[in-house]
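The values are calculated or read from the model by the stated rules, or taken from the named source; none is laboratory data. Predicted model only: the values in this text are computed from it and were never measured. Cβ: placed from backbone, ideal geometry, glycine included. Neighbour counts: every protein chain shown. Accessible surface is based on the protein model in full, side chains and every heavy atom, while ligands, DNA and RNA are left aside. Shrake-Rupley method; radii C 1.70, N 1.55, O 1.52, S 1.80 Å.
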Amino acid sequence: MRDAAPVSTPPRVLPPNDPRQYDDLADEWWRPDGAFAMLHWLARARAALVPPATRPGALLVDLGCGAGLLAPHLAGKGYRHVGVDLTRSALHQAAAHGVTVVNGDAVAVPLVAGCADVVSAGELLEHVPDWRRAVAEACRLLRPGGLLVLDTLNDTLLARLVAVEIGERLPTVPRGIHDPRLFVDARALVAECARHGVELRVRGIRPELRGTAGWLFRRIRGGAADRPGRTGPRIVPARSTAVLYQGRGVRGG
């Protein structure tokens, strides 16, 4: 009598922007040519906005820290790096990279007001159901003179086309990772930050074209898209904020 063939379990299908996707993709975080490759490029660009700490014990709060991709780019800048995220599987990896981790929600952060010299909100706002509450929390955490740095997707038809209709069909972005209904209008974000005492300045950004084309070519061929010592495409300024944009602002006081 033949043994029954093993029954494979099909991958579960989740709604767009479902946080459980990050558990399913837990092994992808630190693969430079994996599903989160672009997050590595963006983390490097975001960290470039953060100056060296100006006082002992300076604290940087990384909202939506994931597996701690910002950590290598902050090395030597003098901050204690605290990461806040809902996904425990990602936080375990962040802790292994030197991040002090907090399991919490970006719209109700369990940290005291005014504790942070820097707050980072990278690729976060387009994933939370209420981005205005997340902005309020980010600003609440900042001490007077503290710095907010962020990047997110604009609430435009072009952003939906590029990030979802095209981007999620490439072999570099997980399907369903975005819900375009949550994308964040740049002008509304600037106004919301101003309500909380942060004068935010925004600029459009994009991956540089030649490096991205080469990266995609290597990825589609099935080889390693990045090798040791290769940092991936740079994120460079764009003329328009219509798709992806970066913000930097200081809290008054």
Fill in: Point-charge dipole on Cβ atoms (K/R +1, D/E -1) for the chain, about Cα centre, debye to 20
800 debye
Discussion item. Pairs of alpha-carbon atoms within less than 8 angstrom and 6+ residues apart define the contacts here; what relative contact order does region 30-125 have, in percent?
Written reply: 31 percent
Worksheet, complete the sentence: Rounded to the nearest Å, the spacing of the alpha-carbon centers of region 110-142 and region 180-216 is 15 Å
Discussion item. Quick check on the chain: of the DSSP beta bridges with both residues there, what percent are antiparallel, nearest 5%?
Written reply: 50 percent
Worksheet item: Angle, helix 209-221 long axis vs. longest principal axis of the chain, Cα atoms, 0 to 90°, nearest 10?
Response: 30 degrees
Worksheet entry | Within-11-Å neighbourhood charge of GLY68 [Cβ basis; K, R +1; D, E -1] | -2
Worksheet item: Most fluctuating residue of ARG55, ARG80, ARG88 in a GNM of the chain with Cα springs under 10 Å: which is it?
Response: ARG55
Worksheet item: Accessible surface of ASP23 in the full protein assembly, 1.4 angstrom probe, to the nearest 10 Å²?
Response: 80 Å²
Discussion item. Compute the helix-to-body angle for 131-141: its Cα long axis versus the longest principal axis of the chain, expressed 0 to 90° and rounded to tens.
Written reply: 50 degrees
